[in-house]
Amino acid sequence: YVGRLDGCLDFLTADALRRTFALGRWTEEQLTRFLARHERFFPTDFVRPTFLDNHDMDRFLFLAGGDQEALRRAAAVQMALPGPPIIYYGTEVGLSQKVSIRAGAGMHVNRVPMVWGKEQDRDLLAFYRALIRHRHSEERPSKKAKKE
């Protein structure tokens with residue numbers, strides 16, 4: 001895509017974050033090595049929005065077995081990465097699903113209606129808001145500066 005597009009969704013980083021924090025298949029050291037190599041691969045002006053889950057995959061919390069600490073750690077790393085973070089609706093309030101999209105139930109199992117009011121996990125939402133405030137308050141180093 002480089003040279004033809006200005007950027008693309010960063011599925012490789014999403015997979016790495018999910019492997020590390022939701023599934024426990026990678027160590028944080030493996031994630032750190034991946035991120036360093038991955039960052040060097042792209043030109044400084046190529047935009048790669050990061051995400052933890054989306055409408056075509058199992059939700060992060062489902063993969064993590066409901067482990068909100070895993071979600072918090074992954075979200076903290078995501079918010080520290082360069083590029084725009086994408087939060088799939090509901091992840092910030094603990095929305096999950098009952099079965100995997102791979103269980104034959106179809107893609108609709110992770111596209112459930114948004115929860116409102118008391119159904120929302122307010123502590124998790126407050127955590128996300130704090131991450132976003134922190135991200136906005138930090139002076140973000142450019143990719144170019146990181147590569148030098």
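Would you be able to say whether some residue in region 49-71 is surrounded by fewer than 18 Cβ atoms within 10 Å (Cβ to Cβ), in a helix (DSSP H, G or I) and without any contact (Cβ under 8 Å) to a residue 24 or more places away in the chain?
Looking through region 49-71, at least one residue is surrounded by fewer than 18 Cβ atoms within 10 Å (Cβ to Cβ), in a helix (DSSP H, G or I) and without any contact (Cβ under 8 Å) to a residue 24 or more places away in the chain.
Looking only at region 17-48, which residues are polar (S, T, N, Q), exposed (fewer than 12 other Cβ atoms within 10 Å of the Cβ) and either touching a residue at least 60 places away in the same chain (Cβ under 8 Å) or closer than 13 Å to GLY7 by Cβ (or both)?
Residues satisfying the conditions do not exist here.
Exactly one of these conditions fails for GLN30: (1) in a loop (DSSP other than H, G, I, E, B); (2) more than 14 Å from the chain's Cα centre (by Cα); (3) under 20 Å from ALA14 (Cβ atoms). Give me its number.
(1)
Residues of region 89-124 being at pLDDT 95 or above, under 14 Å from LEU61 (Cα atoms) and in a helix (DSSP H, G or I), which ones?
Hits for region 89-124 are THR91, GLU92, VAL93, LEU124.
The values are calculated or read from the model by the stated rules, or taken from the named source; none is laboratory data. If you're wondering where the values come from, they're calculated on a predicted model, not measured in any experiment. Backbone-built Cβ (ideal geometry, glycine too); neighbour counts: all protein chains shown.
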